[in-house]
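Data block below; observations after.
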């Protein structure tokens, strides 16, 4: 495990080198969320999958493999995120997953609330003393992007790609508990942890239906 300051140094160097990609990415994500939740149409789903595939490819290649050489397991995690990007691209053609706000009121309002929290990831970061270029932002950093994607997957249940879901849960649930929060003080990743637990519960609740849809 690398020292805390070295880890944050890598995050800071990455943040400086890609500016203003962070602003562009989170702006696009915000616009797509509004478009998706208002229309729930095919075009909104298509654009969201394109955004997700580009974001995961960026994180896998740029963040982990190219600029994250000092991070433990960077090639392994870079490969995982790139695989997720490829699977989202494949679903553009398969059209299995359809993101939309849930019909149940409690789930609908919870989804909207959690999505707003994910979009506010950098604000929580600043509250914990993390400022640019060390801000962790949706679309350019793995944790908020994983939280964002797995939350969207809950809206597509039971017709989800179980491989994508599994990889994202693998990242979202154990890492904040054992690495991000206790080792590096990334307290904003408690957002990802909460969404990961919620997504895991939703997957377990819909497991039988997910299995049936996978045979379609």
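Each row is one residue, and each column tells you yes or no for (1) in a helix (DSSP H, G or I); (2) closer than 16 Å to residue 133 by Cα.
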| position | (1), (2) |
| --- | --- |
| 1 | no, no |
| 12 | yes, yes |
| 38 | yes, no |
| 50 | yes, no |
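On the given criteria, is residue 23 within 17 Å of the chain's Cα centre (by Cα) and exposed (fewer than 14 other Cβ atoms within 10 Å of the Cβ)?
On the way: within 17 Å of the chain's Cα centre (by Cα): yes; exposed (fewer than 14 other Cβ atoms within 10 Å of the Cβ): yes.
Yes: the conditions hold for residue 23.
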TODO: Working only within segment 79-134, note down all residues that are free of Cβ contacts under 8 Å to residues at least 60 places away in the same chain, in a loop (DSSP other than H, G, I, E, B) and in contact with a helix residue (DSSP H, G or I) (Cβ under 6 Å, 6 or more places away or on another chain).
DONE: 102
Open item on the list: Could you check segment 81-114 and list, in sequence order, the residues that are within 18 Å of residue 138 (Cα to Cα) and surrounded by fewer than 17 Cβ atoms within 10 Å (Cβ to Cβ)?
Closed with: 112, 113
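Which residues, taken from segment 172-188, are under 13 Å from the mean Cα position of the chain (by Cα) and either farther than 20 Å from residue 54 by Cα or surrounded by fewer than 24 Cβ atoms within 10 Å (Cβ to Cβ) (or both)? It would help to see each step written out before you state the result.
Within segment 172-188, the first condition is being under 13 Å from the mean Cα position of the chain (by Cα), and the residues that meet it are 172-173.
Hit for segment 172-188 is 173, nothing else.
The numbers here are math on the coordinates, done by the rules we state, and not lab data. None of these values were measured; they are calculated from a predicted model. Counting neighbours? That spans all protein chains shown, and the Cβs are built from the backbone with ideal geometry, glycine included.
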